[in-house]
Every structure is written in structure tokens, then in C-alpha cells.
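Below is one structure, written out as C-alpha cells; the observations come after it.
The values are calculated or read from the model by the stated rules, or taken from the named source; none is laboratory data. Keep in mind the model is a prediction, meaning the values are calculated, not measured. Here the Cβ positions follow ideal geometry from the backbone for every residue, glycine too, while neighbour counts run over all protein chains shown. To get the accessible areas, we keep the full protein, side chains included, count just its heavy atoms, and leave off ligands, DNA and RNA. Shrake-Rupley method; radii C 1.70, N 1.55, O 1.52, S 1.80 Å.
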Amino acid sequence: EPPTGEFRAVGPDVTSRLQPEDAQASPELKQPDLPKGSLDAAQPVPDHFINVELSWLEFNARVVALAEDPGTPLLARLQFLSIFSSNLDEFFMVRIGGLKHAVAEGISDTSPDGLTPQEQLDAVSVRLAPLIERQQRCFHKVCLPDLERRGIRLLRWRDLDEGQQEEMRKYFDEQIFPVLTPQALTHAPGHPFPHLANLSLSLALMVKDPKGGPTHFAHIRVPGGLPRFVQLSSGQEFVTIEEVIGANLQPLYPGRLVEEVHPFRITRSGDIQVDEEGATNLMRAIEDEVQRRPFGSVVRIEIDHAMPQVMRELLERELSIEEAGAISTLSSADIFESEGLVDLGSLGELASLPVPELDYPKFKGREPIDPSRSIFDVLRERDVLVHHPYDSFASTVQRFIVEGADDPDVTTIKLTLYRSGSQSAIVDALTRAAKAGKDVSVFVELKARFDEERNIHWARKLEQAGIHVVTGLVRLKTHAKTALIVRREGKSVRRYVHIGTGNYNAATANFYTDLGLLSSRKELGADLNDLFNELTGSSGPPQREFQQLLVAPTTMLKRFKKMIKREIEHAQAGRGGRIRVKLNGLADKKIIGSLYKASQAGVEIDLIIRGICSLRPGVPGLSERIRVISILGRFLEHARIYHFGNGGDDEYFIGSADWRPRNLRRRVEVVTQVQDPEACQRLDEILEAELDDPTAWQMRPDGSHERQPSATGVDTRSAQERLIERYQAAV
């Protein structure tokens, strides 16, 4: 039966290809069982792969599970519900928008698992409905009552007493009313159907003349910049801004009656298309496309369940035809109802309430580099591996750039910038360095999705400071996380490097787990110097063979496949075979095929994959020696570690690349080998701690995940909790 509860997806569920019996029996759609006789790893077939879109939804099911977990602090549970909504927004803007575009264009190419774009949309529809139902149920049935027991209440307008209503009327008159602009939902002369903003909460109104006449429909956009949850002066009591607006609309319609008010929200396709080869100025071309993004086709409509049919039909009809000449795929299947709040993404406001006892305990990363010594003195003695947020970003990576900018012996600084945040001490340091006469070059990736405007701002600011700025390679994104500092020391120069897994962003470094290698090794410095010379001196990807670096899109895939093949040879020769890899995503067919071959050859493979994983683990005859786990928790696991046993001569690597087609083929990525014994031991400890994490999710062959019940009497704390305790003890 269709899912029931606080969420309903309107429209068809799934095509007959997707096991209708399973779809009817269970809202938790699973991948079909593998047919016997198709388990030849040498020739992968669709049944060897998990669908990327369904794997992404499975990852977000784990996010919802964290919110449902009674062991998660209450405010963190709200934060996970908010994260799920934010993830879903981007999923619709990018992935669903892309699939709908393919359907409209008549593209029938199949995904690696054999589904057409339309079949993928149908599969997503089935899997998504119960997920959002779980999210809504968790908020309304679990979190709200729990908040209320702790004196934090979310009230409806009808729940307010007379004094509270008067307080909210004053708030409306002073803060909200001046910025409201009602718009008619009609095609009457002089009143074109209004443009509805992407991801903005709106109100749909039914207005009537008390003396008779037709019903009029209107739209009001809830103003941005104001809190979604308005706090009353009585304490920890809140009312939503849409409730305040809905109860005080009459002054906007003198002489008429506002009969109904219903919140809704639309999502538009958000990917941008730039003719990179034909553009004379890439920055300007991207800027123009970003300005067109708000006018993308509508891919989702979220509504209040009580919205009358005539109003929802009006929205669907008008939004389907708003783009002249375009083929719309919008249908009733893209309308999502909720009983309660439309858009739970704003729950982050409540999650940030200053109630420490309802949140994770405060944590401050340690300073692994002696602050009384020059960072360059330390790096001349040894490599330093940093692990954020357990190691403070500000006292390591940020300090590396800032100290280099202010050091009179530093002559040159080069850096890649993918996402740096709205404020950046690193950008400020680079600006100071340029003004002090240092040679500063920065590769700013303008095509970092949804950060294009911010990166354009940084690129211009850096250019104005006299910094040499490169803003992208044609048809490639530069996703590498690298920095190079050249310092004159006596009669010679020395190169210092940072190669990491995460962005140069101090804000996200507080809750993303990332790794970085700080080093003054001569070979590594020479490699990075050559890499930057190719990035700044050529319009194409790096071409050379590097000594210490694996660089995509030219050599990285070949090198990884070669190392997997080497493990196969070790296993066949009786020397054992061992691969342990920690990634954000795994979806490259060639890498997966190589891992299947390795498993069949006797190589033991452990994979820690936070998000998308298209590989099927534990399938007899195909992947029985492959184990896949996923770790989610207080911090977002973002680091990449690659370990190859190499017959006892272990090799460890870190870097920016996942094993997905985009990373290995369409991006400039950098991975480096870690050679310092102490750093290698630390990477081994991280892998072992996470592979033994009792809270990790184990992936099944069908793509679903489950948590194993903890054994009695063992430490049930997560790897993150244990690392926090270890690092705090070292502070």
C-alpha cells in the first residue's frame, strides 16, 4: 500500500521494472537480488552496480536515522533533520533537475545499473516518500514533544494568549509588513503570473469580495533575513513567521476577505551550463549563468496538505508553462504534501539555541605544532600530519599560510581555492603577502557548485590586491587542496607544502573531518611546483608524470588501478593482499571492476564510504572479500585515505579525490603518498578505529545499510567520540 502518515507523494510510484511486488509490500525499496550466473567481474553488467541516486538516498536515510536515534542530543537531532532537508534541496536542484532535463530531451541512455532517466525518477519517487515521512514523524512526534518537556515550545497562532498575539502583531507591523509584496496569481492584463523564487517559503492566499464575485488567488513571499521561528518575550516559546503573517494579512486586502492561507515552496533546477570553449571570459560567462539560475525550470512543489485542489492545480499548471518554448516534466508526482511545517531546513535555527545540555559537549582541537616555534623550523625537521577538527585548523593549516604571508624570507605563495567561506583569514593573508611584494598566485575554481558567486567575489578581491589569479580550466574543475610556500634560507631556497583532503575553509574545518600533510620534502615540493606551473601556465590539465603525486585526470586512475593489480599479484603469490580505503563516494565502474577482480583473487578489502557507493559488497563469487561500512556522526567524515598492503611494505596516501567518475576524469585532483613513519602509523590508527566503530553502518549487497547490535560489555562509543577523548587528553 502507498505510504501513510504526515507525508504523501502525489502521483505514480514506480515502473514495472522496479519490482512492483516489493514496492507494494514495503516503502523501503531495495535493489533487486543479483541473478545467478552474472557474477563475472571481468565483464561487469548492470546488476553489479547500485544506482547512484538510490545510494544517495540511502545515505540520507542514515542522516534521518541519526535524528531518530535517542542517543543523539536533542538539538543535534534537529540539526540532522535540517541537514536532510538541505541535502534534499540540492538533490532536486542538481540530480533530479538533470534527470528531468534528460527526459524532456528524449535522452534514454542508461545508468551503470541499467536504468533510463525516467526509471531513475520513478525509483527515486518510491524511495523518497517514506524517507520524508520519517523526517516529518521524527520532528512532530518525537522532537517537538521532547522540546516541550524541556520548556521549549513551538506554538500556533491559536495557542497564543491575547498579550502574545498583540506582541506578534507589533512585530508584524514593525518588521514584516513593510517588506511584504502581495502578488496576484492570475493572468489578468497588467498582472503577469509572478516569478516564484527558488527555495523561498511562500504563502498562497484565497481572497474574496464580501459582496460576491469570483475567488482571487494571491502569492506572498515570506521575506528573507528574518527568523523562521519568532521568539516570544515570555521565554523559550516560538511561533513560525508564516503563522504571524497568515494571521495579520487583512490590512493588505482592505474591503476583501482573506479566506485561506497555505504555505508552499518550489525548487528549481539549479545546475548551470556554460559554453566554456566558446566563452571569451570564463568569469563573466559563469556570472551570467549564475544570474539565470533563479529562472530554472521547476522540479518540485512542496505544499501544506490542506491546500485546496483548485489552488494546487493552479500552481502546477502555471509553473508547467512559465518557460516559453521549454518542455516541462512537472506533474502531480512532483507535488509533495506535509502535515505541519513546509521545509524543515530551517530547523537549524532551533538547533542553535544556547542550551548546552541539549547538544554535544563543546570540543576544541589541540595545537600539534608548538606555537612558540616557527612552523617552518618544525617542518624542516619532520613532516606533520594534521587531522581536523581534532587538530585545530587555525593553529596548523591557516597558521602555515598566515605565517608564510608575514614572513619576510618568504618569496612566493601558490594555492588552490575551491570553497573558502564568506570570511577568510587565509584570503586576507594572501592579500597582505601581495601588498608586501611577494609573488602570490591563486587558482580560484569558479565552478564550485553553488559557491560560484562567492568565488567570483574572492577572485576579484585577489586580483585587486595584485595577485595572479587563474579562474578555471576548460571542461574541468580544479578540486585539489594544495598550497606551496617558497622561502629563501641563506643562499638557497626551500619549498614548503600543504596537501589536504578538505577546503581552505576555517568554518567547515570545525565540523568536517579532514587530513592534511605539511612537509618540506624536496621531491614533494618540486612536484607541487611543477603542478602549479602547469595550472597557471597552461589552459589544459597537468600532463607530466610526477614523482610523488597522483594527479587526475591524467595519471591518477591508471596509478590506482596499477596498485590494485599489484595487490592481486601479491595475493596470488601467497604474500597476502590488503586494501583499506576511506572515501566520501565510490562509483567509478573501472575501479569497482578492479576491486571485484581483487576480491576474487583473494585480496581482503575494507572500504569506509560515507555517502554514495555503487559497489555491491559481500556477493559470493564477486565481492565476498569486500566489506563496506559508513560512518556518520557529530562530524562530517570528509577525509580520504588510501592504504595498500604491498606485500608488507605498506603504502599510505591522502588527497582530494573520491573514486567517482567526476573526480578521476573531470577534475584536477591531487593525492600524495605519506612517507613519515609516525604519520603512517596515525593513518593506520584512524582506519582501524573507524573499521572497529560499533556505531558504523554495514552495507548489504542490495545497497541498504544496517547497524550491528553492540556486544554486551564492550565500549559502544563511536570512533569520533574516542578520538575526541584522545585528543582532548593531549591538549
Q | Boolean, Val342 is over 30 Å from Ile724 (Cβ atoms) and in a loop (DSSP other than H, G, I, E, B) | A | yes
Q.
When the residues of the range 207-249 are narrowed to those that are open to solvent by 20 Å² or more (accessible area, probe 1.4 Å) and of a type in the set (A, V, I, L, M, F, W, C), which ends up nearest to Phe264 (Cα to Cα)?
A. Phe217
Q.
Against the condition surrounded by 15 or more Cβ atoms within 10 Å (Cβ to Cβ) and in contact with a strand residue (DSSP E or B) (Cβ under 6 Å, 6 or more places away or on another chain), how does Leu687 come out, does it pass?
A. yes
Q: Please give the number of the condition Arg460 fails out of (1) touching a helix residue (DSSP H, G or I) at 6+ places or on another chain (Cβ under 6 Å); (2) modelled with pLDDT under 95; (3) of a type in the set (D, E, K, R).
A: (1)
(Q) Every residue in the range 84-124 that is under 24 Å from His48 (Cβ atoms) and among the small types (Gly, Ala, Ser), please. (A) Gly98, Ala102, Ser108, Ser111, Gly114, Ala123
(Q) Here is a check on your reading of the model: is Ser111 part of a loop (DSSP other than H, G, I, E, B) and touching a Gly at 6+ places or on another chain (Cβ under 8 Å)? (A) no
Q. Out of all the residues in the range 128-148, is one or more open to solvent by 20 Å² or more (accessible area, probe 1.4 Å) and closer than 22 Å to Ile609 by Cα?
A. no
Q) Any idea how many residues of the range 697-731 are over 16 Å from Gly633 (Cβ atoms) and modelled with pLDDT of 90 or more? A) 7
(Q) Looking at the range 89-100, can you tell me whether even one residue there is open to solvent by 60 Å² or more (accessible area, probe 1.4 Å) and assigned to a helix (DSSP H, G or I)? (A) yes
Q: Hey, could you check the range 497-527 for residues that are modelled with pLDDT of 95 or more and of a type in the set (S, T, N, Q) and say which is most open to solvent (accessible area, probe 1.4 Å)?
A: Ser520
**Q.** Which numbered condition Arg317 misses (of (1) basic (Lys, Arg); (2) part of a helix (DSSP H, G or I); (3) modelled with pLDDT of 90 or more)
**A.** (3)
Q) For the range 250-261, how many residues are within 23 Å of Gln309 (Cβ to Cβ) and either under 30 Å from the mean Cα position of the chain (by Cα) or open to solvent by 60 Å² or more (accessible area, probe 1.4 Å) (or both)? A) 4
Q: Please state which of the following conditions Arg156 fails to meet, knowing it meets all the rest: (1) closer than 27 Å to Pro223 by Cα; (2) crowded, with 16+ Cβ neighbours inside 10 Å.
A: (2)
Q) From the residues in the range 275-314 that are modelled with pLDDT under 85 and part of a loop (DSSP other than H, G, I, E, B), which one is nearest to Asp343 (Cα to Cα)? A) Gly296
Q: Identify, from the list Gly472, Gly466, Gly525, Gly502, the residue that is in contact (Cβ under 8 Å) with a residue 24 or more places away in the chain, in contact with a Leu (Cβ under 6 Å, 6 or more places away or on another chain) and either more than 30 Å from Arg634 (Cα to Cα) or not β-branched (Val, Ile, Thr) (or both).
A: Gly472
Q.
Testing Arg667 on (1) modelled with pLDDT under 95; (2) surrounded by fewer than 22 Cβ atoms within 10 Å (Cβ to Cβ), one condition comes back false. Which one is that?
A. (2)
(Q) Looking at (1) in a loop (DSSP other than H, G, I, E, B); (2) modelled with pLDDT of 95 or more, which one does Leu607 not meet, given that it meets all the others? (A) (1)
Q.
It is to be established whether one or more residues within the range 183-194 are open to solvent by less than 50 Å² (accessible area, probe 1.4 Å), under 33 Å from the mean Cα position of the chain (by Cα) and modelled with pLDDT of 85 or more.
A. no
Q.
Please go through the range 365-380 and give me each residue that is more than 24 Å from the chain's Cα centre (by Cα) and assigned to a loop (DSSP other than H, G, I, E, B), ordered by number.
A. Glu367, Pro368, Ile369, Asp370, Pro371, Ser372, Arg373, Ser374
Q) In the range 640-731, which helices (runs of 4 or more DSSP H) lie fully inside it and hold 1 or more residues that are without any contact (Cβ under 8 Å) to a residue 40 or more places away in the chain and of a type outside the set (Lys, Arg)? A) 677-691, 719-730
Q.
Which condition from (1) open to solvent by less than 10 Å² (accessible area, probe 1.4 Å); (2) farther than 29 Å from Lys590 by Cβ is the one that Asp69 breaks?
A. (1)
(Q) Condition first: crowded, with 21+ Cβ neighbours inside 10 Å and in a helix (DSSP H, G or I). Now tell me which residues in the range 565-587 satisfy that. (A) Glu567, His570, Ala571
Q: Take Ala601 and decide whether it is farther than 19 Å from Glu58 by Cβ and crowded, with 22+ Cβ neighbours inside 10 Å.
A: no
Q: Of the numbered conditions (1) open to solvent by less than 10 Å² (accessible area, probe 1.4 Å); (2) more than 20 Å from Phe511 (Cα to Cα); (3) touching a His at 6+ places or on another chain (Cβ under 9 Å), Glu58 fails exactly one; give the number of that condition.
A: (1)
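To keep it simple, each residue is scored yes or no on (1) charged (D, E, K, R); (2) over 17 Å from Ala689 (Cβ atoms); (3) in contact with a helix residue (DSSP H, G or I) (Cβ under 8 Å, 6 or more places away or on another chain).
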position: Leu550; (1), (2), (3): no, yes, yes
position: Pro553; (1), (2), (3): no, yes, yes
position: His570; (1), (2), (3): no, yes, yes
position: Ile579; (1), (2), (3): no, yes, yes
position: Ile591; (1), (2), (3): no, yes, yes
position: Ile609; (1), (2), (3): no, no, no
position: Gly618; (1), (2), (3): no, yes, no
position: Ile629; (1), (2), (3): no, no, yes
(Q) So, in the range 373-399, how many residues would count as being under 20 Å from Asn505 (Cα atoms), of a type in the set (Gly, Ala, Ser) and open to solvent by 20 Å² or more (accessible area, probe 1.4 Å)? (A) 2
**Q.** Contacts under 8 angstrom Cβ, first residue in the range 402-426 being in contact (Cβ under 8 Å) with a residue 24 or more places away in the chain and surrounded by fewer than 20 Cβ atoms within 10 Å (Cβ to Cβ), partner among the β-branched types (Val, Ile, Thr) and not in a helix (DSSP H, G or I), 6 or more apart
**A.** Thr411/Val486; Thr411/Val493; Thr412/Val440; Thr412/Ile485; Thr412/Val486
**Q.** Checklist (1) modelled with pLDDT of 90 or more; (2) under 21 Å from the mean Cα position of the chain (by Cα) applied to Leu74, failing item
**A.** (2)
Q) Going by the structure shown, is Ser202 open to solvent by 20 Å² or more (accessible area, probe 1.4 Å) and among the hydroxyl-bearing types (Ser, Thr, Tyr)? A) no
